[in-house]
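Notes to accompany the following structure.
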Amino acid sequence: MRGATQARWAACAVAVALTATACGGGDSDSGGGGADGIVSSSWGDPQNPLEPANTNEVQGGKVLDMVFRGLKRYDPKTGEATDMLAEKIETTDSQNFTITIKDGWTFSNGEKITSKSFVDAWNYGAALKNNQKNAYFFQYIDGYDKVHPESGTASAAALAGLKIVNDRTFTAKLSQKFSLWPDTLGYPAFAPLPQQFFTDHDAWLSKPVGNGPYTIDKYAKGSSMNLRKWDEYPGDDKAQNGGIDLKVYTDNNTAYTDLTAGNLDLVDDVPASQLKNVKADLGDRYINTPAGIIQTLAFPFYEKAWDTPDGAKVRQGLSMAINRVQITDQIFQKTRTPASDWTSPVLGADGGFKEGLCGKECTYDKTAAKKLIEEGGGIPGGQLKISYNADTGSHKEWVDAVCNSINNVMGDNKACVGGPVGTFADFRSQVSQQKLSGAWRAGWQMDYPLIQNFLQPVYYTNAPSNDGKWSDQKFDDLVDQANAETDKAKAVSTFQDAEKILVQQMPVIPLWYQNGSAGYSDRVSNVALNSFSVPVYEEIKVK
Amino acid sequence: MGRYVIRRLLQMIPVFFGTTLLIFLMVNVMGDPIAGLCGDRQCDPATAAQLEAEFGLDKPVWQQYLTYMGNVFTGDFGTAFNGQPVTELMATAFPITIRLTIIAIVFEIVIGISLGVVTGLRRGRPIDTTVLILTLVVISIPTFVTGLLLQLLLGVEWGIIKPSVSPEAPVNELLIPGLVLASVSLAYVTRLTRTSIAENARADYVRTAVAKGLPRRRVVVRHLLRNSLIPVVTFIGTDVGALMGGAIVTERIFNIHGVGYQLYQGILRQNSQTVVGFVTVLVLVFLAANLIVDLLYAVLDPRIRYA
């Protein structure tokens with residue numbers, strides 16, 4: 001009897017072990033770099049469902065960049081917006097635009113791309129009921145406030161400003177003059193969508209269909225995506241490789257280890273802890289190029305103490321007390337460049353980047369810094385607290401370094417302290433609910449390479465990302481004026497005039513421009529990062 | 001026995017509700033999940049309000065908890081922020097972690113108990129001392145060090161294994177991660193078995209068995225080992241839950257997309273549905289493992305009876 005009981009237990013244990021392990025048979029080759037010109041690349045789990053107007057982070061954006069092409073495309077090298085599906089976009093008054101689509105474009109399922117593909121997609125993206133996180137991209141189109149009111153329910157189902165003229169032409173009326181608007185249309189949110197997206201949404205989400213150089217072959221949510229070259233792709237930026245296998249890594253250190261072990265071809269985020277070894281490990285297969293990201297220190301203008309005329313002097317003084325060169329060299333190993341304006345080098349001189357626009361106010365100067373802060377009445381509350389989220393991105397190190405720099409200047413060990421916040425979500429909720437009374441780490445990653453995008457959404461009165469609630473009438477006027485300019489060069493220089501007000505007021509302190517970093521195996525060549533720090537996948541060649 | 005099981009099952013109910021409520025409250029005080037969802041820029045207020053309504057975050061916490069528990073009993077664990085049902089995440093994550101846990105437990109049982117028996121019977125000899133020192137070393141080195149070291153040596157330098165596990169996580173790729181996960185517990189199992197064996201080796205019933213002239217193998221396996229396994233079984237049983245929940249470090253190092261990975265992502269993105277759902281299942285695993293351990297006592301030692 002007792003023996004039987006034991007045998008039963010043993011059988012049970014074996015059965016459990018078998019059922020749990022039996023499902024683990026799968027082929028083990030699919031993970032590594034494969035044959036047939038397939039490039040394997042690191043990936044992160046996209047935070048939101050993969051829809052063009054709902055993807056606002058790099059990982060999902062990577063995929064959209066491979067499977068979608070919009071009216072415009074940003075040149076991978078220069079960042080300049082060039083026509084892709086658009087044959088022409090015409091306007092006489094910077095407010096009413098007529099858009100003509102090129103003939104011969106289809107989605108990868110064979111469906112023809114017409115004006116309707118765009119208008120339906122944009123109406124979907126803007127509508128409040130669809131919860132699209134990038135809805136605000138459509139805010140300039142007339143009727144946006146009806147389909148996406150700030151509160152309450154929508155009073156219209158479609159954007160009044162969009163009208164289909166015929167299969168290849170549609171018009172867009174904006175609610176204000178915006179001469180650079182066509183240049184924003186390269187952003188993925190403006191991509192066309194096939195009818196399946198609207199008729200069978202769930203099926204589309206599990207395997208998105210687009211019109212780019214790649215099609216999605218297999219998508220295992222949360223772990224991998226296999227993209228294959230679309231042979232009938234009509235564009236001239238055809239894929240130079242057979243396909244891309246994206247593999248989700250929980251930790252970019254593991255991705256880097258896989259790369260050095262020859263198990264992976266491309267890592268587009270070299271972990272900070274490996275920067276010391278990267279030269280020895282990869283040699284010239286390491287890329288470190290500027291991206292459209294600037295990091296800043298923001299201040300609470302909803303707090304009386306900071307919103308004073310003298311406050312500007314204190315902020316200028318603090319800006320001069322930060323030794324940007326030393327911090328970018330020692331902490332970031334030159335993967336950041338000290339900032340001297342509020343845009344990014346990826347814009348280029350023509351696009352509005354102006355090195356040194358901030359001048360002496362952004363240059364380290366111990367004595368002048370201390371003098372300015374004291375003239376302005378000292379740091380409000382006697383101490384500057386810089387809040388940051390401690391969960392990702394090694395923010396602690398640089399915040400401590402910035403504080404050290406300020407403390408050195410002030411000759412006071414307690415003049416500046418770091419204020420860690422546990423999670424990113426908590427940090428963001430404290431910022432957006434205006435709970436912070438000191439400074440906090442901020443930054444801006446561009447949506448499209450335009451100087452407008454670096455200034456208006458962040459510093460315009462009540463703009464969506466103006467978290468510090470800074471407001472300046474002269475700045476607002478100059479931005480409005482720049483948007484109304486029909487001449488691009490004139491618009492850019494007016495934006496720069498607006499930027500000069502930032503030098504005087506210093507609503508946020510520019511710290512440094514962030515670079516994109518990547519490393520690749522010796523199996524592949526022609527690897528580059530575009531100005532959004534996303535690899536230009538279609539140009540990668542496999543040896 | 002039957003009544004004992006029923007009583008234990010009834011006891012589980014308050015424990016289950018208590019733990020889930022605690023987790024629910026903890027996740028909720030961490031801040032506003034919607035704020036993290038939109039990244040570095042603020043969600044526009046209208047969309048944020050819509051999302052809050054969709055995830056039920058606009059209601060008071062007690063109401064959220066009641067709705068959530070109500071749904072759980074119908075098998076609906078809610079939706080993660082990326083639009084996937086949490087049950088779908090569980091269906092991909094749990095088999096992988098269970099496989100990893102089983103491998104770890106097998107290592108613990110096979111290596112741990114064998115070493116324990118060998119050293120327990122040869123107390124004070126060189127082999128005993130060597131194993132004692134080795135287990136001390138293993139216990140004192142944190143898992144992430146052993147993990148990274150093995151990954152570097154076996155994966156990068158010698159190329160014996162792949163440094164990262166592929167998404168399907170087949171058994172052969174999980175062997176090394178399983179060993180890493182098991183390492184500390186394995187050392188404890190060895191030491192526990194050794195002490196227990198050494199103690200019981202001097203017991204009267206062993207002396208009787210030997211005096212009866214039973215073969216040594218039978219004395220060790222049937223009499224000595226069986227009685228010495230009780231503390232070891234207790235340890236391994238509670239370890240099942242600990243291994244499943246505590247695999248975060250190992251899973252992260254070897255890029256295994258299991259429970260630890262989903263929990264980590266859920267906490268990072270403050271996705272309460274994911275976190276509470278996974279923890280709820282882990283709580284159930286803990287409770288079940290403890291029950292099985294208690295029932296196993298009776299099998300190992302007939303003197304233990306349950307009314």
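The values are calculated or read from the model by the stated rules, or taken from the named source; none is laboratory data. Owing to the predicted nature of the structure, the values given are computational and were not obtained by experimental measurement. Note: ideal-geometry Cβ built from the backbone for every residue, glycine included; neighbour counts use all protein chains shown. Accessible surface areas use protein heavy atoms only, side chains included; no ligands, DNA or RNA. Shrake-Rupley method; radii C 1.70, N 1.55, O 1.52, S 1.80 Å.
I'm checking my understanding of the structure. Among residues of the range A:294-307 that are out of contact with any Phe, Trp or Tyr (no Cβ under 9 Å at 6 or more places or on another chain) and in contact (Cβ under 8 Å) with a residue 12 or more places away in the chain, which one is surrounded by the fewest Cβ atoms within 10 Å (Cβ to Cβ)? If we take residues in the range A:294-307 being out of contact with any Phe, Trp or Tyr (no Cβ under 9 Å at 6 or more places or on another chain) and in contact (Cβ under 8 Å) with a residue 12 or more places away in the chain, then A:Tyr302 is surrounded by the fewest Cβ atoms within 10 Å (Cβ to Cβ). Looking at A:Lys414, is it open to solvent by 30 Å² or more (accessible area, probe 1.4 Å) and either touching a Gly at 6+ places or on another chain (Cβ under 7 Å) or not in a helix (DSSP H, G or I) (or both)? Spelling it out, A:Lys414 is indeed open to solvent by 30 Å² or more (accessible area, probe 1.4 Å) and either touching a Gly at 6+ places or on another chain (Cβ under 7 Å) or not in a helix (DSSP H, G or I) (or both). Look at the range A:408-435: where a residue is more than 8 Å from chain B (Cβ to nearest Cβ) and a partner is surrounded by fewer than 18 Cβ atoms within 10 Å (Cβ to Cβ) and among the hydroxyl-bearing types (Ser, Thr, Tyr), sitting 6+ places away or on another chain with Cβ atoms under 8 Å, you get A:Gln434/A:Tyr302. Inside the range A:260-287, residues that are within 14 Å of chain B (Cβ to nearest Cβ), over 25 Å from the mean Cα position of the chain (by Cα) and among the charged types (D, E, K, R) make up a count of 1.
Is it fair to say B:Phe17 is open to solvent by 30 Å² or more (accessible area, probe 1.4 Å), at pLDDT 70 or above and of a type in the set (Phe, Trp, Tyr)? Yes, satisfied.
Could you look through the range A:141-155, keep only residues that are assigned to a loop (DSSP other than H, G, I, E, B) and within 14 Å of chain B (Cβ to nearest Cβ), and pick out the one that is most open to solvent (accessible area, probe 1.4 Å)? This residue is A:Glu150.
Going residue by residue through the range A:446-465, is there one that turns out to be among the small types (Gly, Ala, Ser) and under 22 Å from A:Cys358 (Cα atoms)? Scanning the range A:446-465, I find at least one residue that is among the small types (Gly, Ala, Ser) and under 22 Å from A:Cys358 (Cα atoms), so the answer is yes.
Among residues belonging to the range A:501-515 that are part of a helix (DSSP H, G or I) and of a type outside the set (S, T, N, Q), point out the one that is farthest from A:Ile373 (Cα to Cα). Of everything passing the filter in the range A:501-515, A:Ile501 is farthest from A:Ile373 (Cα to Cα). Just name the residue that is farthest from the other protein chains (Cβ to nearest Cβ) out of those in the range A:111-130 that are surrounded by 20 or more Cβ atoms within 10 Å (Cβ to Cβ) and part of a loop (DSSP other than H, G, I, E, B). Applying the filter and picking the extreme gives A:Ile113. Counting residues in the range B:108-119 that are part of a helix (DSSP H, G or I), over 25 Å from the mean Cα position of the chain (by Cα) and either at the interface with another protein chain (Cβ under 10 Å from one of its Cβ atoms) or farther than 17 Å from B:Val165 by Cβ (or both) gives one or more. Please indicate, with yes or no, whether at least one residue in the range B:51-69 is in a helix (DSSP H, G or I), within 11 Å of chain A (Cβ to nearest Cβ), more than 28 Å from the chain's Cα centre (by Cα) and surrounded by 17 or more Cβ atoms within 10 Å (Cβ to Cβ). Yes, the conditions are met somewhere in the range B:51-69.
Residues that are without any contact (Cβ under 8 Å) to a residue 24 or more places away in the chain, part of a loop (DSSP other than H, G, I, E, B) and either within 13 Å of chain B (Cβ to nearest Cβ) or open to solvent by 50 Å² or more (accessible area, probe 1.4 Å) (or both) within the range A:461-475 comprise A:Asn462, A:Ala463, A:Ser465, A:Asn466, listed in sequence order.
Touching a Lys or Arg at 6+ places or on another chain (Cβ under 7 Å), buried (at least 19 other Cβ atoms within 10 Å of the Cβ) and either at pLDDT 90 or above or not in a helix (DSSP H, G or I) (or both), is that true of B:Thr135? Here the answer is yes, as B:Thr135 does meet what is asked.
Return the residues of the range B:41-50 that are open to solvent by less than 50 Å² (accessible area, probe 1.4 Å), out of contact with any Phe, Trp or Tyr (no Cβ under 7 Å at 6 or more places or on another chain) and not in a helix (DSSP H, G or I); say none if nothing qualifies. Walk me through it before giving the result.
Kept after step one, since they are open to solvent by less than 50 Å² (accessible area, probe 1.4 Å), are these residues of the range B:41-50: B:41, B:43-44, B:46-48.
Cutting the leftovers down to out of contact with any Phe, Trp or Tyr (no Cβ under 7 Å at 6 or more places or on another chain) gives us B:41, B:43, B:46-48.
B:Arg41, B:Cys43 - these are the residues of the range B:41-50 that are open to solvent by less than 50 Å² (accessible area, probe 1.4 Å), out of contact with any Phe, Trp or Tyr (no Cβ under 7 Å at 6 or more places or on another chain) and not in a helix (DSSP H, G or I).
When A:Thr171 is tested against (1) open to solvent by 20 Å² or more (accessible area, probe 1.4 Å); (2) in contact with a helix residue (DSSP H, G or I) (Cβ under 8 Å, 6 or more places away or on another chain); (3) within 12 Å of A:Phe97 (Cβ to Cβ), exactly one condition is not met: (2). Within the bounds of the range A:103-110, is there any residue that is in contact with a Gly (Cβ under 9 Å, 6 or more places away or on another chain), within 14 Å of chain B (Cβ to nearest Cβ), open to solvent by less than 50 Å² (accessible area, probe 1.4 Å) and in contact (Cβ under 8 Å) with a residue 24 or more places away in the chain? The answer is no; no qualifying residue exists. Looking across the range A:84-102, the residues that are in a strand (DSSP E or B) and either buried (at least 16 other Cβ atoms within 10 Å of the Cβ) or out of contact with any Leu (no Cβ under 8 Å at 6 or more places or on another chain) (or both) come down to A:Ala86, A:Glu87, A:Lys88, A:Ile89, A:Glu90, A:Thr91, A:Phe97, A:Thr98, A:Ile99, A:Thr100, A:Ile101.
Restricting to the range B:162-190, what's the tally of residues that are more than 9 Å from every other protein chain (Cβ to nearest Cβ) and more than 18 Å from B:Val106 (Cβ to Cβ)?
So the first thing to find is which residues in the range B:162-190 are more than 9 Å from every other protein chain (Cβ to nearest Cβ), and the list is B:175-190.
Now restrict to residues that are more than 18 Å from B:Val106 (Cβ to Cβ): none.
So the answer is 0.
Regarding A:Leu227, is this residue within 26 Å of A:Ile89 (Cα to Cα) and touching a residue at least 40 places away in the same chain (Cβ under 8 Å)? In short, no. Criterion applied to B:Phe278, B:Phe235 was being away from chain A (no Cβ under 14 Å), under 18 Å from the mean Cα position of the chain (by Cα) and in a helix (DSSP H, G or I), and the one residue passing it is B:Phe235.
Per the listing A:Ala442, A:Ala498, A:Ala518, the residue uniquely closer than 23 Å to A:Pro290 by Cβ, part of a helix (DSSP H, G or I) and either out of contact with any Cys (no Cβ under 7 Å at 6 or more places or on another chain) or of a type in the set (Gly, Ala, Ser) (or both) is A:Ala498.
Using the structure shown, decide if A:Pro457 is under 22 Å from A:Thr343 (Cβ atoms), modelled with pLDDT under 90, within 8 Å of chain B (Cβ to nearest Cβ) and not in a loop (DSSP other than H, G, I, E, B). For A:Pro457, the condition - under 22 Å from A:Thr343 (Cβ atoms), modelled with pLDDT under 90, within 8 Å of chain B (Cβ to nearest Cβ) and not in a loop (DSSP other than H, G, I, E, B) - is met. For residues that are among the hydrophobic types (A, V, I, L, M, F, W, C) and open to solvent by 30 Å² or more (accessible area, probe 1.4 Å), scanning just the range B:80-107, find the one that is farthest from the other protein chains (Cβ to nearest Cβ). Result: B:Phe107.
Among the residues of the range A:198-220, the ones that are within 14 Å of chain B (Cβ to nearest Cβ), touching a residue at least 12 places away in the same chain (Cβ under 8 Å) and out of contact with any strand residue (DSSP E or B) (no Cβ under 9 Å at 6 or more places or on another chain) come to 1 in all.
You will find that of B:Leu296, B:Leu263, B:Leu229, the residue that is free of Cβ contacts under 8 Å to residues at least 40 places away in the same chain and open to solvent by less than 50 Å² (accessible area, probe 1.4 Å) is B:Leu263 and no other.
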